[in-house]
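The values are calculated or read from the model by the stated rules, or taken from the named source; none is laboratory data. None of these values were measured; they are calculated from a predicted model. In case anyone asks, the SASA skips ligands and DNA or RNA and just uses the protein heavy atoms, side chains included. Shrake-Rupley method; radii C 1.70, N 1.55, O 1.52, S 1.80 Å.
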Amino acid sequence: MAFNNNNKIHQHLKVVPPSSSSSSQTTITIPLTSYDLLFLRSRPVERIFFYTLINSQSHPSFFFQNIVPTLNSSLSLTLQHFLPIAGKIVWPSDSSKPFIRFNPNDNDTGVSLLIAESNADFDHVISNSPHEASLSRSFIPDLESSDSFASIISLQITFFPNSGFGIGITSHHAVFDGKSSSMFMKAWAYICNKIIQSETPTLLPELEPSFNREIIDDKNGDDSIERINKLFQTETVNQRSLKIFPFETKLVDSVRATFKLTREDLDIIKQNVLSKWEISDTNESKPHTLSSFVLTCAHSVVSIAKAMHGVEKEREKFSFAFAVDCRARLEPQVPNNYFGNCVRGAFMDTKPFDFKEEDSVFVVAKRMHEKIKMIKEKGLEGNILDVYDKYNSLNNEGCETIGIAGSNRFGVYETDFGFGRPKKVEIVSIDGGLAIGLSESKDGNGGVEVGLVRNRHVMDLFSILFHGFQHCNKPASLLATC
């Protein structure tokens, strides 16, 4: 029995699809589109689903003898619907671009599954209040990558005796976007539920993935690799490498916390924004409503920018980018169950100092509403890699770009493996940059959860600013004293 990150490692399994499945005995190759290649060497997306267990289930002997085998067997059955992710990303010397390959005869075929046990306080781990950012990394597995291949997915089940367990998923961003990752987890949970209920483990049609890349009109595919290499300045290293770029997690003196906006909170923010819209000097008519996504993003990124500027005065120029799901925006339309990347980055049409002004929530919400409206009417123009050019340009100007991970529309709290809805879902990978993690509220009341990792001083001021709309109308510069 080994130890890793203060966890006790019970098993390291390689889970493969059932050998009885005829399709699992066939080699499958799937190309990567420019939507996928955009993330070829990006850091993986890491998420944890935490579940509580009733007393009889939370005993170690029951968990390891009953629950783990059920999760294992249901994962195997799920993989027969998702065969490509049990393979690897490869880049043979005779291929101009890398691709996904599932070869049942390869010894490395299958999904890595780590079975661990932690002595950490489960209530502390799933707490929304600020706690050490490094703690969550103990429950997330590594994803293997090298010059010649990259694993697609890695999983870790961590048991907390007499409390519950967590399922950590690390997914390669060149294969998964957020919707695809959520679909896979829901499919696994659905099949696991069926096994527990002694029912036939079939999948719902909406959970059956489509890997058909021919539906994507990939205008930018030919020059994707060359542009990506130039953007990341990798001319002097192996340009055919699949090794994920080194990334620095910002964990020293950092804390991780989750903040909630209820439906009532969002209504207050909306009324504040719309009331300022009426008196603003603008030719655009006030919208009838604003989405929870717009309201949450505007309020959160402004709170981050003001908190960072409040603690470190020299950090005062910001921008904001978010991902747009293109499935319904391409011609022809891509089916909702398309499995792969089908998102593009969109930068807000804001000025660097807009985020720290007194009426900044209104300004950012307005710009965001306008951007989304324009995308719905005209679509997204230009090369999908242009977002990197924009990022580099802003970065050279000393502008800090705030990003978004996740969505309040993925329904992550619907991922029930048969032990009830998750007690907490957390996007761990936001600790590698300036980003917030977004999900719907776990109580299903129309609220939103916002995850953040920052140093403790910034987090303290962020908390005051984030909740300040409920208590005072003072200028932002005075909010810390409310």
Amide H contacts of GLY406 (H built 1.01 Å from N, under 5 Å, at least 5 apart or other chain): LEU438
The chain, helix-only ellipticity at 222 nm - DSSP H runs n ≥ 4, -39,500 (n - 2.57), divided by all residues, nearest 500: -8000 deg cm²/dmol
Indicate, rounded to the nearest 5 percent, the antiparallel portion of the DSSP beta bridges found entirely in region 379-453. 50
So what does LYS390 come to for accessible area, using a 1.4 Å probe and Å² rounded to 10? 90
What helices in the chain pass both tests, a Cα length along the helix axis of 20 Å or more and a mean Kyte hydropathy of 0.0 or higher, using whole DSSP H runs? 178-196, 292-311
Can you bin region 240-305 into rounded, prolate or oblate? Criterion: square roots of the alpha carbon gyration tensor eigenvalues sorted a ≥ b ≥ c, rounded for a/c under 1.5, prolate for a/b above b/c, oblate for the rest. prolate
Percent of alpha carbon pairs in region 353-418 separated by more than 16 Å? 70
Return the Rg/Rh value of the chain, two decimal places, where both radii are evaluated on C-alpha atoms and Rh is the Kirkwood radius. 0.96
Past 21 Å, Cα to Cα, is the threshold; run LYS97/LYS376; LYS260/LYS317; LYS313/LYS366; LYS317/LYS390 against it and keep the listed order. LYS97/LYS376; LYS260/LYS317; LYS313/LYS366
What percentages make up the Cα-Cα pair-distance distribution of region 21-164 when the bins are 10 Å wide from 0? 10, 33, 29, 20, 8, 0
If each part is reduced to its alpha-carbon centroid, region 123-144 and region 384-453 end up apart, in Å, by 15
Return the percentage of antiparallel bridges among DSSP beta bridges fully within the chain, rounded to the nearest 5 %. 80
If I compute solvent accessible area with a 1.4 Å probe over the protein chains, what percent of it on the chain is carbon and sulfur? 47
